[in-house]
Amino acid sequence: MSRKIALSAFAAAALLSLAACGGGGADDSGSTGGAVTLRYAMWDEVQKPPIEQSIREFEKAHPNIKVQIELNNWNDYWSKLQTQLAGRSAPDVFWDHVSYFPKFSKEGVLTDLAPLIAQDKVDTSIYDPKLAEGWKVDGKVYGLPKDWDTIGLFYSAKALKDAGLTPADLDGLTWNPTDGGTFVKTLQKLTVDENGKHPDEPGFDPKKVKQYGLAMQAPTGQQDWWNFALQNGCKLQDKPWGRWTIDQPACVQAIQFVQDLRLKYHVAVPATVTNPPNGPSLDQVVGRGEAATAMDGSWMLRAFDTALPNGGFGVADLPAGPVGKGSVYNGLTEAVYAGTKHPKEAWELLKWLVSERHQKAVAQAGAVWPGIPSLNDVFADAWKAKGVDVTGFKKAAEGTTMGYPLTEAADVYNVKALDIFNQVWLGQLSPQDAAQKITTEANAAIK
């Protein structure tokens, strides 16, 4: 479930009239009588098999509806979807992400589900309210939770063993902006140069590191500094849908800490290796033995399982900062295109996709954490059967969390953040200057 932010421009002018326009379905038959074909768009091939199987059951229960899945990778998905929305030919039902939701809701391309939920008495209390509330605007509901994700500390079982550590040694770690805390001390044990020296030992050569303790990579901040920011008392915005406040001291300290992990403590893989968009994915970095751990999202579980098979990895909770633990907590929704020619059938499909029956089937396949919290153990058990402990993500989700920022300036922030923070991690821009720059430029795009 890659969340790397696409950099394509949004075709805003063309979207203004979409709510009243037709489009969507693969044929022109109406919503009453006869068979219809619904188009369903998604981007994660890992989830496709269990979803396909569940949709076959849906089609048996709804013989008048056929579902055509449209699968595209993350970047292609968003560029294609925005083109389709502009051309009034969007899929009837599609995955939506909070970085695009603000503009979609403003431009009227999403169906308000509130009256349909009331009409069919759909029990929305089964969803995590922290996920569900973020998709409501002025009493309207633009999606129901399909899943959730958060950030954890992936680790190589072999790297821990070689360093004389156990997974339990990753529990209860803390960091601070002064000396790095026990988190940095542990990463020092996991970092070793070509001569077997660690960063806290005389003779350590930071230019000849064989294995780093940590790998980080995030085009926006979701997988790295946002989490440290939350743990340091930083708020990225003054309020949801509000202005960016990244230039406050608590945020700058978090950015500084991430820079220090690379350039001061020498325990994190250099940005020359990992900076997006061209750096290798972190599962590859850890899989090759270049890093012992990595901060990454739960959507990367299958990738790490491929890189470190047969229970070769696990997931720990993130360290706690000066104000405590915390992680970015995000989730997708199933959304209905406002211009669909088959609103009744599209709603039936969405209800199926957010139902306990469907989400349980996807969770049992270990594809994604379900949007219904009571099914979390189903997902964890699926991975436990593979010899992998993924409960670090669950601990993070149940603790202090920060939602993905809701802002109409997401396009500008995403582009600016990639450039600005890449410079910070390379040591070409100070955290203070970066924070002021991104705050000023992102806020200038808010109308």
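General observations
- Of the set (1) surrounded by fewer than 23 Cβ atoms within 10 Å (Cβ to Cβ); (2) assigned to a helix (DSSP H, G or I), all apply to Gly392 but (1).
- Region 395-432 - residue that is in contact with a helix residue (DSSP H, G or I) (Cβ under 6 Å, 6 or more places away or on another chain) and free of Cβ contacts under 8 Å to residues at least 24 places away in the same chain and, of those, farthest from Asn330 (Cα to Cα): Leu429
- For region 173-194, the candidate set comprises residues that are open to solvent by 40 Å² or more (accessible area, probe 1.4 Å) and free of Cβ contacts under 8 Å to residues at least 40 places away in the same chain; within that set, the residue that is farthest from the chain's Cα centre (by Cα) is Glu194.
- Residues that are out of contact with any Ser or Thr (no Cβ under 8 Å at 6 or more places or on another chain), surrounded by fewer than 22 Cβ atoms within 10 Å (Cβ to Cβ) and either under 19 Å from Thr400 (Cβ atoms) or touching a residue at least 60 places away in the same chain (Cβ under 8 Å) (or both), drawn from region 123-146: Asp128, Pro129, Glu133, Gly134
- Unmet criterion (only one of (1) touching a residue at least 24 places away in the same chain (Cβ under 8 Å); (2) in a loop (DSSP other than H, G, I, E, B); (3) open to solvent by less than 70 Å² (accessible area, probe 1.4 Å)) for Trp241: (3)
- For region 185-197, filtering for residues that are in a loop (DSSP other than H, G, I, E, B) and under 10 Å from His266 (Cβ atoms) leaves 1.
- Filter result for Gly427 (of a type in the set (Gly, Ala, Ser) and surrounded by fewer than 19 Cβ atoms within 10 Å (Cβ to Cβ)): yes
- Index of the failed condition, Thr407 passing every other in (1) part of a helix (DSSP H, G or I); (2) polar (S, T, N, Q); (3) under 16 Å from Gly221 (Cα atoms): (1)
- Considering region 43-100, the residues that are assigned to a loop (DSSP other than H, G, I, E, B) and out of contact with any helix residue (DSSP H, G or I) (no Cβ under 9 Å at 6 or more places or on another chain) include one that is nearest to Val362 (Cα to Cα), namely Glu45.
- Here His342 clears all of (1) closer than 30 Å to Ala114 by Cβ; (2) surrounded by fewer than 18 Cβ atoms within 10 Å (Cβ to Cβ) except the condition numbered (2).
- Only one of Asp120, Asp112 that is closer than 19 Å to Ala338 by Cβ and either modelled with pLDDT under 95 or open to solvent by less than 50 Å² (accessible area, probe 1.4 Å) (or both): Asp112
The values are calculated or read from the model by the stated rules, or taken from the named source; none is laboratory data. Because the structure is predicted, anything quoted here is derived from the model rather than measured. Neighbour counts are summed over all protein chains in view; Cβ atoms, including those assigned to glycine, are modelled from backbone coordinates with ideal geometry. To get the accessible areas, we keep the full protein, side chains included, count just its heavy atoms, and leave off ligands, DNA and RNA. Shrake-Rupley method; radii C 1.70, N 1.55, O 1.52, S 1.80 Å.
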